[in-house]
Amino acid sequence: MTPLPAIYNRLDRIGKAFPSPRAAVCGALLWAAAMGASALANLLLDDWETPAKIRFVSLLYAAGGALAFPVGLFLARLVSLGRHWQVALAAAFVCLLATTIGLTGGLFALQYRSYYAQWHEPALTIAWSIQFVHTVATAFYQFIVLGIRLYFPLGFIALALASIWFARQQR
């Protein structure tokens, strides 16, 4: 059984890892703008589809970035609390990267699922469950293969700058 001081220590560590509301909101807005701009620039340079589809994909990337920043910031703070700036830099890089790709991919999977829902079985049946899992897995795979390229080079530059900012804040 874990002694109470150890539990309080963990809860205190989690409490200290929460970013301030100002940092979370301002960071989310900036991160959303950077991720949306990265996708927009790539899609415009590729002369991709129609303006409506370009707008939708750019907004999807911006929404994923807005959701990912507070979560990534919390995880980076949790991992790097009380450690050297190098750990903070690496934690911010990895946590922001993983949450941004994961949450944007999740939003992509939800949109993908909503498109294919018309061909799926009624909800909460065994066949529907199998179709749901396969559709979401396919969407994530497609996002990893085709969607990550929209983060380069602007998203990667924003990731490096955000990681440096985070490491400087942790000193």
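The values are calculated or read from the model by the stated rules, or taken from the named source; none is laboratory data. Remember, predicted model here, so these are calculated numbers, not experimental data. Here Cβ is always computed from backbone atoms with ideal geometry, including for glycine, and neighbour counts include all displayed protein chains. Heavy atoms of the whole protein, side chains included, go into the accessibility calculation; ligands, DNA and RNA do not. Shrake-Rupley method; radii C 1.70, N 1.55, O 1.52, S 1.80 Å.
Between Cys26 and Ala123, residue separation times 0.36 nm minus the direct Cα-Cα distance comes to 31.1 nm. Under a model in which nothing but the beta-carbon of Lys, Arg (+1) and Asp, Glu (-1) is charged, segment 1-95 shows a dipole of about 500 debye around its Cα centre.
For the chain, find the longest principal axis of its Cα atoms and tell me its angle to the long axis of helix 21-45, 0 to 90°, nearest 10. Computed tilt is about 40 degrees. Once a ≥ b ≥ c are taken as the square roots of the eigenvalues of the Cα gyration tensor of segment 1-112, is the result rounded (a/c under 1.5), prolate (a/b larger than b/c) or oblate (a/b not larger than b/c)? It comes out prolate by the Cα gyration axes.
Taking the Cα of Trp165, stepping 7 Å toward and past its beta carbon, and measuring to each backbone N in segment 100-134: which are under 18 Å? Hits in segment 100-134 for Trp165 at 18 Å: 100-101. The angle separating the long axis of helix 51-80 from the principal Cα axis of greatest extent in the chain is about 20 degrees.
Most tightly packed first, judged by the mean number of other beta-carbon atoms within 10 Å of their residues, the peptides 78-90, 43-55, 60-72 read 60-72, 78-90, 43-55. In terms of its C-alpha gyration tensor, segment 42-171 has an oblate overall shape, because the principal axis ratio a/c (a ≥ b ≥ c, square roots of the eigenvalues) is not below 1.5 and a/b does not outweigh b/c. Normalising the average separation of contacting C-alpha pairs (under 8 angstrom, six or more residues apart) by the number of residues puts the relative contact order of the chain at 26 percent. Summed over the residues of the chain and divided among them, the accessible surface reaches 62 Å² per residue at a probe radius of 1.4 Å.
Which value in deg cm²/dmol, rounded to the nearest 500, describes the helix-derived mean residue ellipticity at 222 nm for the chain, given -39,500 (n - 2.57) per DSSP H run of n ≥ 4 and division by the residue count? Can you show the working numbers first?
Values: 6 runs with 135 residues, N = 171.
One gets -27500 deg cm²/dmol as the mean residue ellipticity at 222 nm.
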